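Inspection log for the structure reproduced underneath, given as structure tokens.
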Amino acid sequence: MELIKYSTLIEEPWKNGLGTTRQIVIWPLDADLSNFEWRVSAASIIFPGHFSHYPGVSRSLSVLSGKSAELKLGETEQTLAYQGPIVTFDGGDHAEVLSADGPVLDYNVMSRDKDVEHELSCVTLKKEEVYNRKGDYTLVTVFKGCNLIFEGEVVYLAEYDSVLFKKHDGADLLFESADPTTSMLITEVWEK
């Protein structure tokens, strides 16, 4: 298990130069944008603009904070909304932000089709409800501060913090907060 503190992530320019992103995880750890198997990042959407072109890469988007953004994926328009449906598309296809309802912090998962496959979901757990991870790798990113109870250890997660679980880590995850539920984005990744 690896704790990834959002407050320590470095803001970097987008591949297309039209915005900034904070890389949450890249796999393998020594990879870059040209050779990753999978990558998760958070980016600020403020202005309209095109997404970077990534042929052979599957992409999934959600929103960590803010309201919504209108996207154009190919010829189809879709709304990307806070805790709304996950938006998926082929990284080689034309994709752009048409507009944003205020600043939006998006959550972007990319996986190279020849190496891995991924599934991004927005999960809300009730008190004492256990999440059983499914992938070879699981990345959990929380919307609000909470405690993770994992294999007898209590780990505090602040807003937007993430935890990466690898192949040999345990499967059962329990989250505690002052609220009756805890919501998070969960990325499951499977090797091919």
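Tell me, what is the percent relative contact order of the stretch 2-112, built from C-alpha pairs under 8 Å that lie six or more residues apart? Walk me through the intermediate numbers first.
Working: 265 pairs, mean separation 33.2, N = 111.
It rounds to 30 percent for the stretch 2-112.
Set against the 2.2 N^0.38 Å expectation for a compact globular protein, the stretch 116-191 has a Cα radius of gyration ratio of 1.02.
Residues in the stretch 116-191 average 46 Å² of solvent-accessible surface per residue, probe 1.4 Å, ligands and nucleic acids excluded. Distances between every pair of Cα atoms in the stretch 2-112, grouped in 10 Å steps from 0 to the bin holding the largest one, split as 15, 50, 31, 4 percent. In the stretch 1-60, a dipole from Cβ-located charges (positive for Lys and Arg, negative for Asp and Glu) runs towards its positive end, and of 58, 4, 34 it is 58 whose Cα lies farthest in that direction.
Rounded to the nearest 20, the size of the Cβ-charge dipole of the chain about its Cα centre is 140 debye, with Lys and Arg at +1 and Asp and Glu at -1.
Relative contact order for the chain: what is it in percent, counting Cα pairs under 8 Å that are at least 6 residues apart? Intermediate results must be reported in sequence, preceding the final value.
Working: 493 pairs, mean separation 43.5, N = 192.
Answer for the chain is 23 percent.
Provide the net charge surrounding residue 73, with neighbours chosen by a C-beta distance below 10 Å and charges set as Lys +1, Arg +1, Asp -1, Glu -1. Each step should come with its number before you reach the end.
Details: positive: 59, 72; negative: 75, 77, 90, 93, 96.
Within the 10 Å Cβ shell, the charges total -3.
Per residue, the convex hull spanned by the alpha carbons of the chain comes to 112 Å³.
The values are calculated or read from the model by the stated rules, or taken from the named source; none is laboratory data. The structure presented is a predicted model; accordingly, all values stated were derived computationally and were not measured. All Cβ positions, even for glycine, are placed from backbone atoms using ideal geometry, and neighbour counts span all protein chains on display. With ligands, DNA and RNA removed, areas are computed over all heavy atoms of the protein, side chains included. Shrake-Rupley method; radii C 1.70, N 1.55, O 1.52, S 1.80 Å.
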